[in-house]
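For reference, the structure is listed below as structure tokens.
The numbers here are math on the coordinates, done by the rules we state, and not lab data. Because the structure is a prediction, the values reported are computed rather than measured. Positions of Cβ are backbone-derived with ideal geometry, glycine not excepted, and every protein chain shown enters the neighbour counts.
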Amino acid sequence: MTVLAGAVDGPTPELSGGNLTLVVVVLAIALAALAMAAVFRSQVLAAAEGTERMKTIAQAVQEGASAYLARQFRTLAVFAAIAFFVLLALPAADMGVRIGRSVFFLLGAGFSAAIGYLGMSLAVRANLRVAAAANTQGREPAMTVGFRTGAFVGMATVGLGLLGASSVVLIFRDEAAHVLEGFGFGAALLAMFMRVGGGIFTKAADVGADLVGKVEQNIPEDDPRNAATIADNVGDNVGDCAGMAADLFESYAVTLVAALILGSQAFGDAGLVFPLLIPAVGALTAVLGIMLTKAKAGENGLTTINRAFYISSAVGALGCVVLSYVYLPSSFAAFDNVTGTDMADASGDPRLIASAAVVIGVVMAAAILGLTGYYTGTEHRPVKDVGRTSLTGAATVILSGLSVGFESAVYTTLVIGAAVFGGFLLGGSTLTLSLFAVALAGCGLLTTVGVIVAMDTFGPVSDNAQGIAEMSGDVSEQGAQILTELDAVGNTTKAITKGIAIATAVLAATALFGSYATSVFSAVADSGADDVLLFRVFDPAILVGVLLGGAVVFLFSGLAINAVARAAGAVVMEVRRQFRDIPGIMEGTGRPEYGKVVDIVTRDSLRELVTPGVLAVMAPIAVGFGLGVEALAGFLAGAIGAGTLMAVFLANAGGAWDNAKKLVEDGHHGGKGSEAHAATVIGDTVGDPFKDTAGPAINPLLKVMNLVSLLIASTIVQLSMGDDENALLRYGIAAVAVIVIVGVVAASKSRESGLATDGDPTAEPAGQHVG
């Protein structure tokens, strides 16, 4: 199989007249989305805060979350500064583009950090308001407060994503695609670090709290006698709120970047404007979806949320179809810059192709919502089966959960693969059009992002609300039951949003993969070398690249899970020490030292996030400079394939274990305190780093590696076409990247586990002293 690259350039976008006006309209919609976010925030803050004890507990969570993010941002500022200057050194059309790419890298990183921080800062104020509403007003008001919190994050995500992309297009116009590479890279890099660091923090605290509190001491999940409870609640916010919000923002930004790059190459003005118009429609329909999310008496909360999602998605799809026929021409009048063919001869109506691509993205989101809900919801057979296996012990719970994860990964991957292939087929024989159709499918999925982010944030807010209620003891039995129900709904919505985030990542990565190919072809042509470049399926370099791409996904996942295991071990030992050494904890007369556990997970998570991040950036550099552009293409394909399966498997297995535990806690199979409960707690602790650390972090991993490859593609080609001196430089860069990877992995593996106790199982872990 051969892909032929020609040197014919696509139309140059000039962006004038009506198109310029439309981009300004998109910018105005972005600002309106941010204004709606402010409205939703004010509605949340207007709700009652509950009792003084609730306020005290919530304040401790707020302080811990803010302190962690402040330390994390100081750590990540170093990486951002280095990347800024590296981007300045990479080749570009002129110095203005280099500077713009670096500046908008910082803006993308800043927006990603801002979304994470803003989501966290409201979530830690909304949790006690949800608890108070459940206690005094009932289920519907409590659910409204929780979902409005998510709505704030969702509209902020949409607003900042559109603001950044439309600003680049307005400022740089014909060079916007190159500058957007920096914007997307900044968003993806920060999101990956925040996703990994926050995931390690939240799951180390959660696992440690569960293993000692539930299993060893037989006390409830959020019992104030457990020293890890505050850290656990802080982790929900820095991991599930801040980390996931940043993750979904970078998915939004990078999908837009891929669509705008490919669109500008193929269609000039229209290719720059149309991908902005689709998510602008989504911003409007997201408000509709949020307003429709009003719980009815006696109705399951998940049914309410799903109904709003489906209605807003359908309206958004219809709006995008109308937009396609109003804006796009009825025939092509451009060249395919990859194959050098006249697209005027392409079969099909561009309006029909664009409409179909967008609808594919929306339908895929709906299908994944249904699939994920089936495999992780408490009312469906998979989770019920996992819960039933708890009667025979933890081992069978683990086995059944793994089975659910493996099976669900197959069907979800088939849906994603069908969407990618369907979009690709829409382009016919015209490669650039096919790749653009895939990117448009991703843009179609973006129309749902506002509601999707709201669904995701609802999960940790309801979880925290239940924790505050249990720790305070100020909530009635009826209020506690309402919060338990909302928590179970939140578990499923979190799982669903992870599935859709994975789908977005695959579509964006596939489109970026196409951008990488066109960048390589263009660099070959610019170098004056042979105008034809062959990518051969049976080239050993490509096969090796495929294997390496899959291997990086496995190594990345292993590092993230192992980091949680080490940090959780330290938490277990510290909580055990406090139960042993502080008099009166179990009787309620002694106060646990919550701050020490927060310090442990803060330190360990910030230390551990470096290794996976360095691996994501350095691996494509090592493969590309060491083995060439063909091997790097195989590397990206292998990473996308393995990453899709791994991410879905981890997310859904973890979600099934979590809700199986909820099922038992609701009174099935013996209820709380039974052997079946202990078995599901073990399953949940295994699943925690699966679904909330390694799994979600694969999304930004795929896009970071694709964007790094896109940024270095022309440099690899230039060094590959030269003399021995260039070859020496090329291999030297690869060797440095390999040395860095080996160094950080070895350093990570050499760290002592939290269970290293020099032979005394009750002693404080070696090297883990906290004071």
Which residue, Gly18, Thr303, Ala367, has the largest displacement toward the positive end of the dipole of the chain when charges sit on each Cβ (Lys, Arg +1; Asp, Glu -1)? Thr303
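Considering all alpha-carbon pairs of segment 398-443, what whole percent are spaced by more than 16 angstrom?
Numbers: 508 of 1035 pairs.
Cα-Cα pairs of segment 398-443 separated by over 16 Å account for 49 percent.
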Which of the pairs Lys661/Lys691; Lys494/Lys672; Lys294/Lys494 have their Cα atoms more than 21 Å apart in this structure? Lys494/Lys672
A student applying the Cα gyration tensor rule (rounded when a/c is under 1.5; otherwise prolate if a/b is larger than b/c, oblate if not) would label segment 256-302 prolate
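So which chymotrypsin sites (Phe, Trp or Tyr not before Pro) in segment 47-86 end up in coil per DSSP with only 13 or fewer other C-beta atoms within 10 Å?
Numbers: sites: Tyr68, Phe73, Phe79, Phe84, Phe85; in loops: none.
Listed in order of number, the matching sites amount to none.
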Given the Cα-Cα distance of Ala89 and Leu352 and 0.36 nm per residue of separation, how much length would full extension add, in nm? 90.5 nm
Give me the net charge for the shell around Gly473: Cβ to Cβ below 13 angstrom, other residues only, Lys and Arg +1, Asp and Glu -1. -4
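Quick one: dipole size for segment 552-706, taken about the Cα centre, charges +1 on Lys/Arg Cβ and -1 on Asp/Glu Cβ, in debye to the nearest 20.
Details: 13 positive and 15 negative charges, 40 e Å.
Roughly 200 debye, rounded to the nearest 20.
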Packing-wise, with mean Cβ within 10 Å as the measure, how do 725-735, 249-259 rank, highest first? 249-259, 725-735
Nearest 0.05, what FRET efficiency do Arg53 and Ala114 give at R0 = 45 Å with Cβ-Cβ as r? 0.90
Treating the Cα atoms of segment 615-657 as identical point scatterers in vacuum, please give the log10 of the normalised Debye intensity I(q)/I(0) at q = 0.13, 0.23, 0.27 Å⁻¹, two decimals. -0.38, -0.74, -0.87
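Under Stokes-Einstein, with the Kirkwood radius over Cα pairs standing in for Rh, what whole-number D in µm²/s applies to the chain at 37 °C and 0.692 mPa s? Don't jump to the answer; show the numbers that get you there.
Working: Rh = 26.0 Å.
So the translational diffusion coefficient is about 126 µm²/s.
With a sphere of radius 12 Å drawn around the Cβ of Tyr327, what net charge do the other residues whose Cβ falls strictly inside it have (Lys, Arg +1; Asp, Glu -1)? Let's see the in-between values first.
Values: positive: Arg351; negative: Asp269.
Computed value for this residue: 0.
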Peptides 432-445, 190-203: what's the order by average Cβ count within 10 Å, highest mean first? 190-203, 432-445
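If I take R0 = 25 Å and measure r between the Cβ atoms of Ile582 and Arg603 in this structure, what FRET efficiency does the formula 1/(1 + (r/R0)^6) give, to the nearest 0.05? Mind dumping the intermediate values first?
Numbers: r = 21 Å, r/R0 = 0.85.
The pair Ile582/Arg603 has a calculated efficiency of 0.70.
For the chain, what does the relative contact order come out to in percent, with C-alpha contacts under 8 Å and a separation of six or more?
Working: 1572 pairs, mean separation 159.4, N = 771.
Result for the chain is 21 percent.
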Cα gyration tensor category, rounded, prolate or oblate, for segment 233-315 with a/c compared to 1.5: oblate
Point-to-point label distance, Met291-Gln481, nm (Cα→Cβ direction, 7 Å offset): 3.5 nm
Degrees, to the nearest 10: 17-45 long Cα axis against longest axis of the chain: 0 degrees
Taking alpha-carbon centroids only, segment 94-165 lies from segment 383-418 a number of Å equal to 32 Å
Measuring from its Cα centre, the chain shows a charge dipole (+1 at each Lys and Arg Cβ, -1 at each Asp and Glu Cβ) which, in debye to the nearest 20, is 920 debye
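If each residue of separation counts as 0.36 nm, what is the full-extension length gain between Ile171 and Ser42 once their alpha-carbon separation is subtracted?
43.2 nm
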May I ask which residue of Val322, Met155, Gly634 lies farthest towards the positive end of the charge dipole of the chain, with charges of +1 (Lys, Arg) and -1 (Asp, Glu) on Cβ and the Cα centre as origin? Met155
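For the chain, what is the mean residue ellipticity at 222 nm derived from helices alone (per DSSP H run of n ≥ 4: -39500 (n - 2.57); sum divided by total residues; nearest 500 deg cm²/dmol)? Walk me through the intermediate numbers first.
Working: 22 runs with 598 residues, N = 771.
Calculated mean residue ellipticity at 222 nm is -27500 deg cm²/dmol.
Report the FRET efficiency, 1/(1 + (r/R0)^6), for Thr396 and Ala735, where r is their Cβ-Cβ distance and R0 is 45 Å, rounded to 0.05. Display every interim value, and only then the final one.
Numbers: r = 48 Å, r/R0 = 1.07.
Taking R0 as 45 Å, the efficiency between Thr396 and Ala735 is 0.40.
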So Lys749 and Ala314, fully extended at 0.36 nm per residue minus their Cα-Cα distance, gain in nm 151.7 nm
Quick check: the angle from helix 610-627's long axis to the longest principal axis of the chain, C-alpha only, nearest 10 degrees? 30 degrees
Cα convex hull volume per residue for segment 152-211, in Å³, equals 73 Å³
Taking every other residue with Cβ under 12 Å from the Cβ of Ile698 and scoring Lys and Arg +1, Asp and Glu -1, one gets +3
Rounded to the nearest 20 Debye, what is the dipole magnitude of segment 47-144 about its Cα centre when Lys and Arg each give +1 and Asp and Glu each give -1 at the C-beta? 100 debye
Which of Trp657, Gly613, Ala270 sits closest to the plus end of the dipole of the chain, meaning its Cα is farthest towards the positive end, when Lys and Arg get +1 and Asp and Glu get -1 on the C-beta? Trp657
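When a/c is below 1.5 the answer is rounded, else prolate if a/b is larger than b/c, else oblate, so apply that to segment 22-104 with a ≥ b ≥ c taken from the square roots of the Cα gyration tensor eigenvalues. Write down the numbers at each step before the final one.
Working: a/c = 9.11, a/b = 1.59, b/c = 5.74.
Cα axes put segment 22-104 in the oblate bin.
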